[in-house]
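Have a look at the structure below, then the notes.
The values are calculated or read from the model by the stated rules, or taken from the named source; none is laboratory data. None of the values given here were measured: they were computed from a predicted structure. Heads up, the Cβs are rebuilt from the backbone with ideal geometry, glycines too, and the neighbour counts pull from every protein chain shown. Accessible surface is based on the protein model in full, side chains and every heavy atom, while ligands, DNA and RNA are left aside. Shrake-Rupley method; radii C 1.70, N 1.55, O 1.52, S 1.80 Å.
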Amino acid sequence: MMGLMAREETSTTTSTAVRGPATQEPPRPATHAWTTRLLLIGIVLTALNLRPAITSLGALLKEVRDGLGMSGSVAGLLTSVPPLCFAVFGVMAARLARRFGLAAVVCAGMLAITAGLLIRPYAGGTPGFLAASALALMGIAVSNVLMPVIVKRWFPDRVGSMTGLYSMALALGTASAAAITVPMTDALGGSWQTGLAVWAGLAGAAVLPWLPFVRRREAGPAEEPAARGEARVRERSAHDAAPALRITRSRTAWALAVFFGLQATAAYITMGWMAQIFRDAGVSAGTAGLLLAVTMVMGVPLAFVIPRVATRLPHQGPIVLALGVCGLAGYAGLYLAPAGGAWAWALLLGVSNCAFPLALTMVGMRARTGAGVAQLSAFAQSTGYLISIPGPLLVGVLYQHSGGWGLPIALMAALMVPQMVVGVLAGRDRTVEDEAVR
């Protein structure tokens, strides 16, 4: 797939050069193809690392709680740390990218994930575990925000397919961590510390593809210096000509932020607690991990299909509604027969969780320019993750004080209704530039 995209990019560049003036310097297709392939590898490896820090912990949450002496409420706080970090550190991503460049910030993010995953199992005690987790999640947060910007800048004519590619890789990383963390931990001696730390290797590998691009701050990876200078002049001129964008004036931006927050709430409750729901229903630890993996792996094919379909529709509301209905059906099954229909509920919730790639696609569609996408991405993701913070914590508190999963599951189902409403509003065919300057 990556080779095909690289060949398409090369052929596009070559055909453009043929149509250009005779005095124009001929391009270097081989270099262009190589850098495009390397960039695609970097995007895929980065996406693979955006969730294992969370789902590997979900698979071993019982062992971590026992090892660190956590109560249910503290474990709920632990599952709320990811959205908290995403909200806090995601705000910084656009500013850091303007100062240091997109590739440099993503590369630093992968280094932070590597260090955090290596440190947290051996930090000693809950505070150290939380601090090291926050370091890894900081790297994930900035990469979360910048991935749509990278796609918009380097692949402006293929936003749907490229969003689908990295969303698919993200889902694959999420599912892999959920599925193999428990058996891998057993194979490595049964220590939960080793089972969590081993994922640092994947994050370390994701650092390497970005190194050649660290100094290419403004333009695409295959542009020559003169072209980069012209691109900077055009970008500055466009910026000066464009009216100031006040993102908080846009109703679409707010609808997208709330939609992002509610789907993130559902996703982090699922990643943090679903394996525990199945285990409490009598399902074995290994099978519970596989069920969580099934939920996550549903995003692999759908995360590639949904963005491509969404970019072809004038209104993304029907997709939002279809995903929401699947979520409501899955929660109803968890409430009525958690063990009896476990595989069906895992499949339905997996489909519902594909609201995430849909939200990312709408970020790219609801703004006209790269600068607008960067601002909208930072606002929607930071505000959305801030909205999602109480959800996993509240589930932990309800679980501990009610002694069962009835109330937490009812809460999950209730939150799906407003998610569908704001998703329909966010899916309308309009841009934040139009609304934010009125």
Accessible surface of the range 64-199, 1.4 Å probe, proportion on carbon and sulfur as whole %: 68
Nearest-0.05 FRET efficiency for Ala337 and Thr248, computed from C-beta distance (R0 35 Å): 0.20
Computed lengthening from Tyr122 to Val74, 0.36 nm per intervening residue step minus Cα-Cα distance: 15.4 nm
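On a full-extension model of 0.36 nm per residue, what is the gain between Arg98 and Leu407, subtracting their alpha-carbon distance, rounded to one decimal in nm?
Extra length from Arg98 to Leu407 when fully extended: 106.8 nm.
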Calculated P(r) of the range 303-438 - Cα pairs past 24 Å, %: 38
Cα-Cα separations in the range 359-438 greater than 14 Å, expressed as whole percent: 71
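Tell me the Kirkwood hydrodynamic radius of the range 78-209 in angstroms, computed as one over the mean inverse distance between distinct C-alpha pairs.
Values: mean 1/r = 0.0637 Å⁻¹.
Across the range 78-209, the inverse of the average 1/r is 15.7 Å.
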Label-point separation in nm, Ala414 to Asp280, each point 7 Å along Cα→Cβ: 1.7
Label-point gap, in nm, between Thr194 and Leu313 - each point 7 angstrom along Cα→Cβ: 4.7
The range 302-365: chymotrypsin sites (Phe, Trp or Tyr not before Pro) falling in loop per DSSP and having at most 10 other Cβ within 10 Å: none
Contour minus Cα-Cα distance for Trp34 and Gln400 (0.36 nm per residue): 126.4 nm
Between the range 369-418 and the range 43-106, the alpha-carbon center distance in angstrom: 15
